[in-house]
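Peer 1: One structure is given below, represented as structure tokens, and several questions about it will come after.
What follows is calculated from the coordinates using simple rules that are stated; it is not laboratory data. Please read all numbers here as calculations on a predicted model, not as lab measurements.
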Amino acid sequence: MPQEQPREFGNREEELTRLVREGVQPASVQDRLRVGVDKLTGKAPLGIDARNKTARKVIGAGGELLGVLKYGFVGAVLVLLGPLFVWAGFFNTFQWKMVALGVGIVALGVLSLRAAYHAWRNLRAISKA
């Protein structure tokens, strides 16, 4: 019976929960820069270097909630508007540009909804900490 491979996202959730519980207190300037770059790129949640656990949870959860709302709203609007562009491209005379624009808008909407889903998973992991 083959062993089941661990899910990558489950390990990432556990690591995120551990980071929020324990926090990160950088000692040198280089470590502070590394934590800052990680927060900007999304590898570490906002507020990971706060002094206490409550502050880390509030700041991190607030940032992730903003991501859920931002990406979820934009993704929903794009996924709803994309098929309208495709329909308009087929309506009277066939227009390649309009159909291509509609397909591109739907693709961007799906990517945005995917980012909202990942932000939601991060929010759940932070709230478990």
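Peer 1: Using the alpha carbon gyration tensor of segment 8-128, what are the three equivalent-ellipsoid semi-axes (square root of 5 times each eigenvalue), largest first, in whole Å? Walk me through the intermediate numbers first.
Peer 2: On the way: eigenvalues 315, 38, 22 Å².
After diagonalising the Cα gyration tensor, the semi-axes are 40, 14, 11 Å.
Peer 1: Normalising by the residue count of segment 8-128, find the relative contact order in percent from Cα pairs under 8 Å and 6+ residues apart. Don't skip to the end; give the middle numbers.
Peer 2: Values: 139 pairs, mean separation 35.1, N = 121.
Result for segment 8-128 is 29 percent.
Peer 1: Using only DSSP helix segments of four residues or longer, with each worth -39500 (n - 2.57), what per-residue ellipticity at 222 nm results for the chain after dividing by its residue count and rounding to 500?
Peer 2: -27500 deg cm²/dmol
Peer 1: Using Cα atoms only, what is the angle between the long axis of helix 96-128 and the major principal axis of the chain, expressed in degrees (0 to 90) to the nearest 10?
Peer 2: 20 degrees
Peer 1: Can you tell me the orientation of helix 53-91 relative to the chain, as the angle in degrees between its alpha-carbon axis and the longest Cα principal axis, to the nearest 10?
Peer 2: On a 0 to 90 degree scale, this one is about 10.
Peer 1: Can you list residues whose amide H is under 5 Å from ALA44's amide H, if they're 5+ apart or on another chain and H is modeled 1.01 Å from N?
Peer 2: HN-HN under 5 Å from ALA44: LYS39.
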